[in-house]
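Computed from the coordinates by the stated procedures, all read-outs in this text should not be read as laboratory data. Source: prediction; values computed, not measured. Every residue, glycine as well, gets a Cβ built from its backbone with ideal geometry; the counts of neighbours run over all protein chains shown.
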Amino acid sequence: MIQAADLPGTIPVFPLPGALLLPRARLPLHLFEPRYLAMLEDSLKTSHRLIGMIQPFEQNGAPALHAIGCAGRVTAMSETEDGRYMITLSGISRYRVTREVEGFTPYRRCEVSWQGFDRDMGPTERDPGFDRERFLGLLSRFFEDRGLSTDWDSLKEAEDELLINSLSMLCPFEPEDKQALLEAPSLPTRRETLVTLIEFALRGGSGEEMMQ
């Protein structure tokens, strides 16, 4: 178990558009590019085995990174016959990028601050105002509209945090929408953001319009 005091000041970051990792959730990843295989190898040599997921975007025609990402610990790994890796990251905590570290590695690294994300390493969050029946009705319309399927019995039984965070990670939203879900300060605000995104999608809007 990683303690807050053990969190490093510099971590490797994996800029992957639309891939969202949240604290206490799990994200499967398929690594095959040489720079990310090197990132995995170096991460496994550390005691914390952390990799920071982060959303990239374009700024003035150049690649940039959002200020906030989420770090996950490598908790499962398997190698394919052709040298690729399937790994699972278990979300530990969000972080704020303070500076990108130049050089030395083929992958990107950042100096980060963990301050302001204390709840990420705390107990499972609750959402006292969660109207599950109304939410699942809205979700059913969204899934039907998008041609998606799911195990509804499992959704009905899932704890608040598991349900809301899993849907935030899995629903097909734009990268900027995923970033908004990541940056939500609490589980209730993430649920409210998720509901807003679903309602907006059902009205035929796009994420770009929403961000303007």
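Take the alpha carbon gyration tensor of segment 1-92, find the square roots of its eigenvalues, order them as a ≥ b ≥ c, and report rounded if a/c is under 1.5; if not, report prolate when a/b exceeds b/c, else oblate. The shape class here is oblate.
Between segment 18-39 and segment 77-151, the C-alpha centres lie 10 angstrom from each other.
P(r) tail, the chain: Cα-Cα pairs separated by more than 30 Å, 25% of all pairs.
For segment 132-211, the calculated P(r), taken from all Cα-Cα distances in 10 Å bins from zero up to the bin holding the longest distance, is 17, 56, 26, 1 percent. Please report the net charge: other residues with Cβ closer than 10 Å to the Cβ of T189, K and R +1, D and E -1. Once all neighbours under 10 Å are counted, the net charge is -1. Counting neighbouring Cβ atoms within 10 Å and putting the fewest first, the residues F135, F57 line up as F57, F135. For segment 4-121, relative contact order (Cα pairs under 8 Å, six or more residues apart, normalised by length) works out to 32 percent. Each Cα pair under 8 Å and six or more residues apart adds its sequence gap; the mean of these over the residue count of segment 72-161 is a relative contact order of 19 percent. Charge tally for R141 (other residues, Cβ to Cβ under 13 Å; Lys, Arg +1; Asp, Glu -1): 0. For the chain, relative contact order (Cα pairs under 8 Å, six or more residues apart, normalised by length) works out to 22 percent. Of the beta bridges in the chain, as assigned by DSSP with both residues counted there, near 90 percent are antiparallel. Ranked by the mean number of other Cβ atoms within 10 Å per residue, highest first, peptides 143-153, 107-117, 86-96, 30-40 order as 86-96, 107-117, 30-40, 143-153. Using a cut-off of 12 Å between beta-carbons, work out the net charge of the residues near P106 (Lys and Arg +1, Asp and Glu -1, P106 not included). Computed value for this residue: 0. Mean residue ellipticity at 222 nm, helices only, the chain: -10000 deg cm²/dmol; runs of at least 4 DSSP H residues each add -39,500 (n - 2.57), and the sum is divided by the number of residues.
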